[in-house]
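In what follows, a single structure is set out as structure tokens and then discussed.
Values in this text are rule-based calculations from the coordinates and carry no lab data. Not measured: the values here are computed from a predicted model. Neighbour counts run over all protein chains shown; Cβ positions are idealised from the backbone, glycine included.
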Amino acid sequence: MKIWLDLAAAPQVLFFRPLLTELRRRGHVVTVTTRDYAETVKLADKLGLDHIAIGQHGGRSRLAILRQILRRALTLAQWSRPQRFDLALSHNSYSQAVAATMLRLPVVTLMDYEHQPLNHLCFRLAKRVIVPECFPPEMLRKFGAVRKAVTYVGVKEQVYLTDFAPERGYRARVGLPTDCPLVVIRPPAPWTAYHRFENDLFDALLLHLAADNHSYLLFLPRLPSQAQSVRALPAVHVTSQVHDGPNLLYSADLVISGGGTMNREAAVLGTPTYTIFKGKLAAVDRYLIAKGRMEQLEAEGDFTKLHNTSSATRRPTLARRDLVRQITDQILETVS
């Protein structure tokens, strides 16, 4: 088959890489498009993926985001029409779902966050929806996907981290200190469709951590404006490079994020992990919390938990070696 894979955000590059390899191993031709958003294009280039960059992020307002989705959808439809694909594949790429539907192309979407409002769009346009087993059934009903949904056990981060082999000496190689605890911090994404407010608790957390001069605080901004906002805190070091995410998280002593994917990656790898996400917590996060792989910071009083955390509490990688084969089968069954 000729399969069109669209990568709209950086975590999707890592997620789909083993699936892309498996699809091609089985003899299918896969063409990849990307969206110029955050580190998506840079990461695809770094991993050596042959891809075509089309479109960009819409901005902070919902109206701007919707306009950009439609604008990119039209561009994708125009580009993909002569390609004569058999299947469109993504992790909830709204623009691709619209474009593929315009071309009467079967859509397969994967998703792991049940509180994303635009699931209404992708789930209803898709022929098959692939979600983690812990995805709430009532949310599948809400989005009209009960009869088209199939599930897998675990979380999507296990797809590409199960066989991860950490690089010894990573911190020294990239210029990070090795003689003190490394705390990796990722801010919230308040412009996303599912998280429409600033996170005051995150600001308080930064001040709390900056007062402790025993750790190296590495800040990973999503946008340049977020980097500027922490310049006044000399104890917070803004990253100046695109890191190998899994190696960075594995070598960290503590990971704290206001988002989702990075926290789940760290939790799967066994690094002590805390979420400060203030939206509706995903079922996959609750799954990892129940397994003791992640904790939630809900108030400033919870900050005391951080002082009792160290790399000594590291746990083994949460492995699921059959997921790549299982999900690839689920993708291909759509048009079998």
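Return the aspartates and glutamates within reach of LYS305: Cα separation strictly under 19 angstrom, same-chain partners fewer than 8 residues apart disregarded; answer none if there are no such residues.
ASP200, ASP203, ASP212, ASP253, ASP285, GLU295
Around LEU220, under 11 Å between beta carbons, what's the net of Lys plus Arg minus Asp minus Glu among the other residues?
Counting the neighbours of LEU220, the net charge comes to +1.
Expressed as an acute angle from 0 to 90° and rounded to the nearest 10, what is the orientation of the C-alpha long axis of helix 10-25 relative to the principal long axis of the chain?
Relative to the chain, helix 10-25 is tipped by roughly 50 degrees.
How high is the relative contact order of the chain, given as a whole-number percent (alpha carbon pairs under 8 Å, six or more residues apart)?
16
Relative to the first principal axis of the alpha-carbon coordinates of the chain, what is the inclination of helix 62-80, with its axis defined by its Cα atoms, in degrees from 0 to 90 and to the nearest 10?
Around 50 degrees separate the two axes.
Output the relative contact order of region 1-155, whole-number percent, from Cα pairs under 8 angstrom with separation of 6+ residues.
18
Among all the lysines, which ones have a C-alpha under 24 Å from LYS46's C-alpha, if same-chain residues fewer than 8 places away are not counted?
Within reach: LYS156.
If the only charges are +1 at each Lys and Arg Cβ and -1 at each Asp and Glu Cβ, what is the size of the charge dipole of the chain around the Cα centre, to the nearest 20 debye?
1300
Please report, in whole Å, how far the alpha carbons of the chain spread along each principal axis, starting with the longest.
58, 41, 40
So what is the 222 nm mean residue ellipticity for the chain from helices alone, if each DSSP H run of at least 4 adds -39500 (n - 2.57) and you divide by all residues, rounding to the nearest 500 deg cm²/dmol?
The helix-only estimate for the chain comes to -10500 deg cm²/dmol at 222 nm.
By how many nm would the segment from GLN241 to ASP36 grow when fully extended, if each residue of separation counts as 0.36 nm and the alpha-carbon distance is taken off?
Gain in length upon complete extension: 72.1 nm.
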